[in-house]
1. Run the helix sum for the chain: -39,500 (n - 2.57) per DSSP H stretch of 4+ residues, divided by residue count, reported at 222 nm to the nearest 500 deg cm²/dmol.
2. Compare Ser50, Ser32 by solvent-accessible area with a 1.4 Å probe and give them largest first, with all protein chains kept in place.
3. In nanometres, what is the gap between the two model label sites at His27 and Thr68, each 7 Å from Cα along Cα-to-Cβ?
4. Excluding residues on the same chain fewer than 8 positions from Lys5, give the lysines whose Cα lies under 23 Å from its Cα.
5. At a 1.4 Å probe, what is the % contribution of carbon and sulfur to the accessible area of the chain?
6. Given contacts defined as C-alpha pairs under 8 Å and at least six residues apart, what's the relative contact order of the chain, whole-number percent?
7. Leaving out same-chain residues fewer than 8 places away, which aspartates and glutamates sit with a Cα under 12 Å from that of Lys86?
8. Cα to Cα, under 19 Å, and not fewer than 8 places away if on the same chain: which aspartates and glutamates meet these conditions relative to Lys21?
Amino acid sequence: MLFEKQEYQLNCVRNIVEVLKDVDVEHNDFSSLQGNLRALAKRCGYTQFSITQDKRLDVLMETGTGKTFTYIQTIFELYKAYGYTKFIVVVPRTAIKLGVIF
């Protein structure tokens, strides 16, 4: 299979890798995550943006935008950049199921 990479997908991957720079997940040190998120929001001009105290990073994409490709590419790039080898990807099963029905 050949997939056409979209610029917004690659931007998403780059942003995630950038946001996780200097985050030490092995030692549960997420102190730089909020600063990285703020810097990304400022650089990209995001005005509607909130940061919580969670140690979780949610990436939301619309249906049909290439989420699976983007997630797989992100996993590969995070491995290359930081050596991360464990990931949890949560998918909205109910939403996918309902989308197939209609």
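The values are calculated or read from the model by the stated rules, or taken from the named source; none is laboratory data. Keep in mind it's a predicted model, so treat the numbers as computed, not measured. Quick reminder, even Gly has a Cβ in these numbers, built from the backbone with ideal geometry, and neighbours come from all protein chains shown. Just the protein is used for accessible areas: all its heavy atoms, side chains included, with ligands, DNA and RNA removed. Shrake-Rupley method; radii C 1.70, N 1.55, O 1.52, S 1.80 Å.
1. On the way: 4 runs with 50 residues, N = 102.
Computed mean residue ellipticity for the chain: -15500 deg cm²/dmol.
2. On the way: Ser50 100, Ser32 30 Å².
Ranked list, largest accessible area first: Ser50, Ser32.
3. 3.9 nm
4. Lys67, Lys80
5. Values: 4730 of 8370 Å².
It is 56 percent, rounded to a whole number.
6. Working: 43 pairs, mean separation 27.7, N = 102.
Computed over the chain, the figure is 27 percent.
7. Lys86 reaches Glu26.
8. The reachable aspartates and glutamates, counting only those whose Cα sits under 19 Å from Lys21, are Asp29, Asp54, Asp58, Glu77.
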